[in-house]
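Asker: Got a structure for you, questions after.
The values are calculated or read from the model by the stated rules, or taken from the named source; none is laboratory data. Keep in mind the model is a prediction, meaning the values are calculated, not measured. Positions of Cβ are generated from backbone atoms using ideal geometry, with glycine treated the same way; all protein chains shown enter the neighbour counts.
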Amino acid sequence: MIDTVPTFPRIEATVAADATGTVAINGAMRSLSGADEQAVRAEILTLVTVTATDMGRPVRLNTRDPLGEQLLAVYPDGHVEALSDLDAAAAVRAPLSAPVPGPRTPAVEPDLNIASRPEHPEPPERPGDPPGRLTLKDFLQTQPAARVGPAEMGWQGTVRRLTGGLVSVGPGVAELTHRSAIDRVQQSLRGPRTVVVINPKGGAHKTTATLLLAATFGTYRGGYTLAWDNNETRGTLGWRAQPARHSNTAVDLLRDLDRFNDLRSARVGDLDNYVRSQGSTQFDVLASDEDAAASSTIDGQAFNELHTTLSRFYRVIVVDTGNNMRASNWEAALDAADQLVIVSTIREDTAASAAWLVDGLYEKGHEEKVRNAVTVLASPSKVADPQLNRRLHGHFASLTRTVLDVPHDSSLVDGGTLSYDALAPATREAWLQVTAAVADGL
């Protein structure tokens, strides 16, 4: 903590997700742009350091970017420190003159996990053990938690890179939240798990949610993830996915399923002729029937047969459902679900459909699955109706385990092939948090 950081000049900076930004020094505004967000942050820090040098004293920088808000102290020698709210309050009371500090030794990063560990952990007692006898398991349980690595994101990450690591700033709250979400997505599972995305109304964001959940699981878990279109006739999941060299669907796999049920000869690589690999996002897509002249359908029995086989090859299966909650394959998917995801756009009609769905699930005895469900509210435009959003949060928070918002993203508007890389950083982060909440229920 620095002793005295003057409140003048007042410097405020913003960085947007499109790699543009502004910096205002005593009201004088300057616009900036760069190759990426980090480049814009670096240029802002350079300008603020020049101001601190001209004044011969440290200055306070208020920042705002997609990761949140941050208070920084910038010194004439280029040294930067993150300010807590306590530091900021002290700065308000501080005199306007302060000595220029010399080089500083980077502070030792606090062990953020120490508060959750007892100072002297007591090993659990087990029947039959001699009093006081400790085992290897007891010893391993006293290991300290892994230390938090240096910042990679936001202003803290920019400072670390600009100084070549000489100033190693700890990660901010946004980055710690990001890392925690990744850890939750990557946690070990108790066998294959099935996530089912539901809302009986078309246009509710189900297919998009299915693809983005699978892409996030695949990206951070390293594969063995399947997005499955469980429409009884035709769905759009296959159309929204990256294309494959074949056009086979769940109907074709069902016809050839016996070859995968022979455990002596079944190979995961042979599934490539039925599923569609999604490249760097490391998940596969199983499309529903795409033949307009076909009469084949997937019923409940067919779903169960496919699900039993596919669970041998995939750790996480994310199922996109149709709009008929009375269809036998819809009910079979519900029965197989380890985690429900109720998705809705922030619209009256779509939200009413989701609420009607929950009422029906309660009446059919699925109260436990509803209480463990994750509700996802997708903004249909850049600015969602705040009053309706509050109503939806209040309603579904009383029924499901958690309610999370995902932003509008222009790259999803056209309904074409989904590109995970084209999503805005804020969109990817929001779906990471959703996926982490889903993983918590698995």
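Asker: For residues that are under 30 Å from LEU71 (Cβ atoms), among the aliphatic types (A, V, I, L, M) and touching a helix residue (DSSP H, G or I) at 6+ places or on another chain (Cβ under 8 Å), scanning just the stretch 174-232, find the one that is surrounded by the fewest Cβ atoms within 10 Å (Cβ to Cβ).
Answerer: First pass over the stretch 174-232, keeping only residues under 30 Å from LEU71 (Cβ atoms): 174-184.
Add one more test, that the residue is among the aliphatic types (A, V, I, L, M), and what stays is 174, 176, 181-182.
Adding the requirement that they be touching a helix residue (DSSP H, G or I) at 6+ places or on another chain (Cβ under 8 Å) leaves 174, 181-182.
Values: ALA174: 18, ALA181: 21, ILE182: 16.
Top of the filtered list is ILE182.
Asker: Separate question: Could you grab me the full set of residues in the stretch 1-32 that are modelled with pLDDT of 80 or more and among the polar types (S, T, N, Q)?
Answerer: Those that are modelled with pLDDT of 80 or more and among the polar types (S, T, N, Q): THR14, THR20, THR22, SER31.
Asker: Okay, next question. Can THR177 be described as more than 17 Å from the chain's Cα centre (by Cα) and either among the polar types (S, T, N, Q) or modelled with pLDDT under 95 (or both)? Lay out the reasoning, then the answer.
Answerer: Values: more than 17 Å from the chain's Cα centre (by Cα): no; either among the polar types (S, T, N, Q) or modelled with pLDDT under 95 (or both): yes.
No: the conditions fail for THR177.
Asker: Tell me, which helices (runs of 4 or more DSSP H) lie completely within the stretch 201-272 with 2 or more residues that are modelled with pLDDT of 95 or more, under 18 Å from the mean Cα position of the chain (by Cα) and of a type outside the set (Phe, Trp, Tyr)?
Answerer: Hits in the stretch 201-272: 206-221.
Asker: Could you grab me the full set of residues in the stretch 383-442 that are charged (D, E, K, R) and over 20 Å from LEU237 (Cα atoms)?
Answerer: Just the residues of the stretch 383-442 that are charged (D, E, K, R), to begin with: 385, 390-391, 401, 405, 409, 414, 421, 428-429, 440.
Within the stretch 383-442, ASP385, ARG390, ARG391, ARG401, ASP405, GLU429, ASP440 qualify.
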